[in-house]
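Peer 1: Before I ask anything, here is the structure I am working with.
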Amino acid sequence: MPIASDGLDSWHRAVALGGQGYYAAARVELRRLRARTADPVLRSLATSTEGSLLRQLGWHAAASAFDGRAAALALPLDAQTPGRAQAVCDALTGLAADALGTGRLALAARLLRRTGQVLDDPAAEQSGELWRARVRWHWVNAETALATGALDAARRHAEAGLALAEAAPSVRHRTKSRLLLAAACLVSGDSDLAATQAADVAAECREHGLEPLRWACAMLRTGLADGTAAAEAQACVNVISRRGGHFR
């Protein structure tokens, strides 16, 4: 992976490392970034990414401390500050996902509504940089809807997130969006489409080395009576553990 030439590159590098399950390397990159920048937007993004790394491994309560600090860095900034909207959305969406993961569904819904207000701001509507924030917002809305039994809403959000991700440059966001759609299909009883989506996701994860998503997909496939899924999930756990990621 290329060496970062500036702070934003360093953040992109950390996100990419985390997406492939190199958790220790990602944490080092984020700590270096926070140590050498005074930019509150970059510091907020780095801090919320630390939360994301923890959340991917099941540590939602610990992640909320990082997401809260990220929000505290971004929210007081002037609304016209470049990158503020993205940093605020990352922090608030992260907090919503943390709340969901600790069973606080009403809080998750409130935080998602607040994030939606940021995304609906006319200035944000004109910003091409927020495709990622919008995709993530749909992800957590879909997950929250699944947790509350709102299956139609879950599928709508999953499909909307996938439509945005397919027009964006990130393989990981496209792959995770397909995984979330597979989950929504499975829960709503459309097991054939779920199986098709899950098979596509598994192939993309193997091709691009997306070990955390490969693990999540394998866990989903155990619910589809895939006889190889449990062994693949354990193999992913072993790889991720060697790379510094420890599941709760």
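Peer 1: Quick one: in segment 185-202, of everything that is of a type in the set (Asp, Glu) and assigned to a helix (DSSP H, G or I), which residue is least open to solvent (accessible area, probe 1.4 Å)?
Peer 2: Filtering first and then ranking leaves Asp200.
Okay, residues lined up against (1) outside any helix (DSSP H, G or I); (2) open to solvent by less than 60 Å² (accessible area, probe 1.4 Å); (3) over 21 Å from Trp137 (Cβ atoms); (4) among the aliphatic types (A, V, I, L, M):
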position	(1), (2), (3), (4)
Ala183	no, yes, no, yes
Glu204	no, yes, yes, no
Ala216	no, yes, no, yes
Ala231	no, no, yes, yes
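Peer 1: Something else now. For the structure I just gave you, tell me whether Arg36 is farther than 23 Å from Val237 by Cβ and either surrounded by fewer than 18 Cβ atoms within 10 Å (Cβ to Cβ) or within 13 Å of the chain's Cα centre (by Cα) (or both).
Peer 2: It is true that Arg36 is farther than 23 Å from Val237 by Cβ and either surrounded by fewer than 18 Cβ atoms within 10 Å (Cβ to Cβ) or within 13 Å of the chain's Cα centre (by Cα) (or both).
Peer 1: Now for a separate question. Could you tell me whether Gly83 is at positive phi and free of Cβ contacts under 8 Å to residues at least 60 places away in the same chain?
Peer 2: yes
Peer 1: For Asp9, state whether it is open to solvent by 20 Å² or more (accessible area, probe 1.4 Å), assigned to a helix (DSSP H, G or I), free of Cβ contacts under 8 Å to residues at least 12 places away in the same chain and not polar (S, T, N, Q).
Peer 2: The answer is yes for Asp9.
Peer 1: With segment 65-180 as the region, which helices (runs of 4 or more DSSP H) entirely inside it contain at least 1 residues that are open to solvent by less than 60 Å² (accessible area, probe 1.4 Å), within 24 Å of Gln20 (Cβ to Cβ) and in contact with an Asp or Glu (Cβ under 6 Å, 6 or more places away or on another chain)?
Peer 2: Fully inside segment 65-180 and qualifying: 84-101.
Peer 1: When both residues are 6+ apart or on different chains and their Cβ atoms are under 8 Å apart, which pairs have a first residue that lies in segment 227-239 and is within 12 Å of Ala216 (Cα to Cα), and a second that is among the small types (Gly, Ala, Ser) and surrounded by 12 or more Cβ atoms within 10 Å (Cβ to Cβ)?
Peer 2: Pairs that qualify, where the first residue is within 12 Å of Ala216 (Cα to Cα) and the partner is among the small types (Gly, Ala, Ser) and surrounded by 12 or more Cβ atoms within 10 Å (Cβ to Cβ), are Ala229/Ala218; Ala230/Ala218; Glu232/Ala202; Glu232/Ala218; Ala233/Ala218; Cys236/Gly21; Cys236/Ala218.
Peer 1: Continuing with the same structure: Could you grab me the full set of residues in segment 44-89 that are acidic (Asp, Glu) and under 23 Å from His246 (Cβ atoms)?
Peer 2: Passing the criteria: Glu50, Asp67.
Peer 1: Okay, next question. Only one of these is within 24 Å of Ser52 (Cα to Cα) and in contact (Cβ under 8 Å) with a residue 24 or more places away in the chain: Arg242, Arg155, Arg214, Arg206. Name it.
Peer 2: Going through Arg242, Arg155, Arg214, Arg206 in turn, the sole match is Arg155.
Peer 1: I need a count of the residues in segment 23-61 that are part of a loop (DSSP other than H, G, I, E, B), more than 18 Å from Val140 (Cα to Cα) and in contact with a Gly (Cβ under 7 Å, 6 or more places away or on another chain).
Peer 2: Residues that pass the stated criteria total 2.
Peer 1: Something else now. Tell me which of these Arg221 doesn't satisfy, since it passes every other one: (1) closer than 20 Å to Gly101 by Cβ; (2) open to solvent by less than 40 Å² (accessible area, probe 1.4 Å).
Peer 2: (1)
Peer 1: Identify, by number, the condition in (1) under 14 Å from the mean Cα position of the chain (by Cα); (2) closer than 17 Å to Leu179 by Cβ that Ala147 doesn't meet.
Peer 2: Just one mismatch for Ala147, condition (1).
The values are calculated or read from the model by the stated rules, or taken from the named source; none is laboratory data. Bear in mind that the values here come from a model prediction, so they are computed numbers and not experimental data. Note that each Cβ is placed from the backbone with ideal geometry, even for glycine, and that neighbours are counted across all protein chains shown. Side chains included, ligands, DNA and RNA excluded: accessible areas come from the protein's heavy atoms. Shrake-Rupley method; radii C 1.70, N 1.55, O 1.52, S 1.80 Å.
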